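The structure appears right after this line, and notes come after that.
The values are calculated or read from the model by the stated rules, or taken from the named source; none is laboratory data. As the structure is a computational prediction, the values presented were derived from the model and not from experiment. Virtual Cβ from ideal backbone geometry, glycine too; neighbours counted across all protein chains shown. Side chains are part of the model used for accessible areas, which takes the heavy atoms of the whole protein and leaves out ligands, DNA and RNA. Shrake-Rupley method; radii C 1.70, N 1.55, O 1.52, S 1.80 Å.
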Amino acid sequence: MMAIRELKVCLLGDTGVGKSSIVCRFVQDHFDHNISPTIGASFMTKTVPCGNELHKFLIWDTAGQERFHSLAPMYYRGSAAAVIVYDITKQDSFHTLKKWVKELKEHGPENIVMAIAGNKCDLSDIREVPMKDAKEYAESIGAIVVETSAKNAVNIEELFQGISQQIPPLDPHENSNNGAIKLGRQTSQMGRRCC
Amino acid sequence: MYPCCSSASFDCKMENGEGVFEIRTPSRAFTLKAISKQAMMYWLQQLQMRRWEFCNTQSRFPVGSSQLVNEPLAGRTNVVDNEDFLPLVKTPTEAVGLKAASLPAPQTSTALQNISLKHPWTEIQNTVYNICGSKQLWGNNGNVFSFDEFQEHPENVDEEQEAEVEAGCAVKEGTPEDGRMGPRLNWIRKARWMNSGFPGSEELSREKNSVDKVSVLQQQILTLTEEVKSQKELVKLLHKALEAAQQEKRVSNMYLTAAEDKDRLELVRHKVRQIADLTSRLEALEQEKKELEQILTLRDSHIQELKEHVQLLMEKNHAKQEVIMTLTEQMARELSDPLQEANTITVETLYKQQEEIEHLKDDIDAYKTQNQFLNSEIHQVTRLWTRVAENEKALLMKCACLQARNCQMESKYLTVLRKLQEAVPGLPNSDAELVKNLIQEALQWDVKEEAEEGFNLNPVSEYDEYGFMTVSDYEIEDWKLLAKIQALEIKSNKLWSQEIVEKPLRDRWNSIGELNPCAELKSLIRSGIPVEHRQRVWRWMVSRHCSPVPGHYQRLLEQSRSTEHPACRQIELDLPRTLTNNKHFSSPTSQLIPRLRRVLLAFSWHNPAIGYCQGLNRLAAVALLVLEDEESAFWCLVYIVENLMPADYYSDTLITSQVDQRVFKDFLSEKLPRLMAHFEQYQIDVSLITFNWFLVAFVDSLVSDILLRVWDAFLYEGTKVIFRYALAIFKYNEEEILRIHDSVEIYQYLRFFTRMITDGRKLMNIAFNDLNPFPMKLLRNRRSTHREELEAELCELEQIKAAYVKERAEQGPQDLEEVVSEEEEES
């Protein structure tokens, strides 16, 4: 019997970038163009195997509108990871992402795993945010970065796998070098699949 | 005889018999009889004439010459004596007698009318001829009268005739004149005699009446004066005749004086030539006359034609004048008094109308009969209908009961299926397949059957009256099953309560006319407003506190068209994802989406402090669904945000929303201490779940049926209703939650548990009865306390942030990775 680790993950990001859609794709493997905007937050869970562990993601999806930011601490409090989502077709959403990173750095839990998801990569022809910018920024903050498409189910699983791998294992011995290797692998995967 | 004749008087007495007349002389009296009255008259006239002539000749001519004159006359008198001589009567009666008899009162002047002055000679000749002709004829007849003197010369007729002719030629001044004038004078005399009315002047003079003598004499004078007049005229005539005779005489003298036969011949020839010339002239004149006559006839006919034409034109003219007259009259009438015209028209049409009225009366009678029949028919049909309605009601009741039972059975069946689904891994493959198929079947909507049969065989329909999906569209199948079970339970609850609870409430609602705030209305609203009254009551509730400013909404729309509000982007983002479980909003082409856009844009301009906050879209959407009218929905939104909710509920920091979460936790601790303790044990932050309940008043959390009931009370009573229901929802599921001993599972449960509430009535009873007392004052106090706390915390946070920024600035730029996060201020 594998051990189940409950991992609280919160999704942050500008309004309409597709936070709920990513969660929906990940949890229900379903996509809805007009998924209801999240008011306050919504909660979902999904269990994925990771190594010899089962990671049960407790995903808190938050509202994107700026005035809901003041509620965010409720959600990212005690989170093991934060998925910060931006829309590759909207430069503004990348700026918002930076603000969230800053807030997490300032007020977020210690050692919180940050994953940057450039959503809507199916719309790369109207892209505003170059992959290179995101990569450089992610590297600068030591975050996972991946371009996703909730609509086409691109890199959603990989995003959460990446988070799982970033989560330090309970056994301190298994924890060494794990993140760096996985991050590197994740990055190479991303490059292959998204660009 | 002649001397006695001159002094004779004549008389005719009607009593003596026809044709009998008397001649009286001073010596003796003769009684004579003529064959007829006319003859008698003729004789009398002749006698009178002779007497006149005799008297005249005695005075003017010598005695010798008078002999010549009297002789033929005497002869003539004798001839007339013949009684049998009938043809003779005609001549004298036509020539003299009849004229005298038929003209009773001719005047002296007119007595000379027939005398032609132009041809006196011809006249005289004619007269002479007549007299001669008569004499000859008379001569052949015998004397019937016993008149001795006349019978003396019957054989001498021819001689006398010759003598007369001789006399006519020889004595030109005398005889022809007398012969011609005789009858005339006689005639005048006769007339005078008739007028005076007495037999004769001689007779009167002979009477020795001294008294009357003067008057008689005067009359005689008059008579004589008249006679003198006529004598004068006669003299004139005679003068003319004399002139003519002298002319003739000159010619004759020329003829006679001509010496030789040759000259005479020449004269005759000349005369003959003259005659021929005259004849030819006469002919020419006659010809001319004929021509003239012809021309005359032509002219006459032409005149006739022209007259006809004139007649025609006259008629035409007349007709035209008449037309003009009528038109003028009409015009005058029209000009003078249009009303009168209308009156005349009315008079004209009166008859028609009367006829029409008759028809209509008939119709009325027919309709009355028909009406009576129809009334009875209505009565009959109503009775039938009542019976049928009762039957239908009973059947509906039965149907509802059966449906409710069906729902329950189905729900139980689905529950069993769900249990089986959970047990699938342990079942043999075939059974697992069967269970899967059964679940698939249970979840499918039998749309086809529904459409064809006209009624729904499915226990629940896909959408409710506001377009909300009755079964939530969960992606995971066991949730779908759960949702369907839930829908079936809601339906069966509804069906059970329909007759017992809903109907009396409906009746009470129907009896409410004007809405007035009162305790009864409050309790009615809490029980839920029936669909047919909801719109009206909502409008009333909104207008009570938030009276719409006319034109305000239109101005806001104008503003939102001209200027783009910063909130526009967020609104556009949220529009397609509003009420996705409602068919009126789920389609991107839905008509409600543009309306919702306008309402939200208008609100963002109406309240710039709030602008647009995610969640307002849901509030506006529900308002639109119920109120339908865009402007009403706008004012409803204004009412909720500005009147019902505390200030700053939707503004930048959502501070009062956060305050309310703390207040709610207080209430939860107070009202449901066991549950609160349970949450604390598993580190459950309920505000993660309840925050949006408050912000959007349970939209998307509760099933539509319960949601609208909550809104009914919320719009009437305010935010306290949200607290009550939020607490009631926990209380409703308290036991269930208490059974869960895992924080993730509790969260999982809390995520859906609002949708598991199927009994709205039970929830309402909890909210408004079990949770009492719920004083507003307490709520207000708690709100203000928590607001102060929260504001202090936020202020502290700001200070820490500021201190951090300042510290960072002093340390200089550093890599973000190396920065150690601060301890969370709230932990």
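State, to one decimal in nm, how far the label point of B:Glu796 lies from the label point of A:His95, with both points 7 Å from Cα in the Cβ direction. So the label points at B:Glu796 and A:His95 sit 3.3 nm apart. Within a straight-line Cα-Cα reach of under 28 Å, B:Lys229 can be paired with the following lysines, leaving aside sequence neighbours fewer than 8 residues apart in one chain: B:Lys99, B:Lys118, B:Lys172, B:Lys190, B:Lys213, B:Lys240.
For chain A, the mean residue ellipticity at 222 nm estimated from helices alone is -11500 deg cm²/dmol, where every DSSP H run of n ≥ 4 contributes -39500 (n - 2.57) and the total is divided by all residues, rounded to the nearest 500.
Share of pairwise Cα-Cα distances greater than 29 Å in region A:3-166 is 9 percent (whole percent).
For each pair in B:Lys522/B:Lys665; B:Lys412/B:Lys480; A:Lys8/A:Lys46; A:Lys8/B:Lys665; A:Lys8/A:Lys98; A:Lys99/A:Lys151, compute the distance between the two Cα atoms and list the pairs where it is over 18 Å.
Values: B:Lys522/B:Lys665 27 Å; B:Lys412/B:Lys480 15 Å; A:Lys8/A:Lys46 11 Å; A:Lys8/B:Lys665 23 Å; A:Lys8/A:Lys98 21 Å; A:Lys99/A:Lys151 26 Å.
Distance filter (> 18 Å) returns B:Lys522/B:Lys665; A:Lys8/B:Lys665; A:Lys8/A:Lys98; A:Lys99/A:Lys151.
Given R0 = 41 Å, the distance between the Cβ atoms of B:Leu335 and B:Ile303 translates into a calculated FRET efficiency of 0.35. Please give every one of the lysines within straight-line cross-link reach of B:Lys398, meaning a C-alpha to C-alpha distance under 20 Å, and leave out same-chain neighbours fewer than 8 residues apart. Partners within reach: B:Lys491, B:Lys494, B:Lys503.
With a 10 Å cut-off around each Cβ of B:747-753, the average count of Cβ atoms from other chains is 2. Of the solvent-accessible surface of region A:3-166, computed with a 1.4 Å probe over protein heavy atoms with every protein chain present, carbon and sulfur atoms account for 46 percent. For chain A, the membrane-span-like helix rule (DSSP H, alpha carbon extent of at least 20 Å along the helix axis, mean Kyte-Doolittle at least -1.0) picks out A:178-194; this says nothing about an actual membrane.
Per-residue shielding of B:798-804, expressed as the average number of other chain Cβ atoms within 10 Å of the residue Cβ, stands at 1.
The amide H of A:Thr45, built 1.01 Å from its N in the peptide plane, has A:Ile59 as neighbours under 5 Å, considering only residues 5 or more places off or on other chains. Only lysines eight or more places from B:Lys671 in sequence, or on another chain, were considered; those with a Cα closer than 19 Å are B:Lys720, B:Lys731, B:Lys762, B:Lys777.
Please figure out what share of the DSSP beta bridges in region A:3-166 is antiparallel and state it in percent, rounded to the nearest 5. Before the final figure, lay out the partial values.
Working: 11 of 36 bridges.
Among the beta bridges of region A:3-166, antiparallel pairing accounts for roughly 30 percent.
Peptide A:64-76 has a mean of 5 when you count, residue by residue, the C-beta atoms of other protein chains within 10 Å of its C-beta. Stretching the chain fully between B:His545 and B:Lys289 yields a gain of 79.5 nm (0.36 nm per residue, less the alpha carbon separation). Around the amide H of A:Leu54, modelled in the peptide plane, lie the amide H atoms of A:Ala3, A:Ile4, A:Arg5, all under 5 Å away and 5 or more residues distant in sequence or on another chain.
Rounded to the nearest 100 Å², what is the sum over both chains of accessible area buried where B meets A, with a probe of 1.4 Å?
4100 Å²
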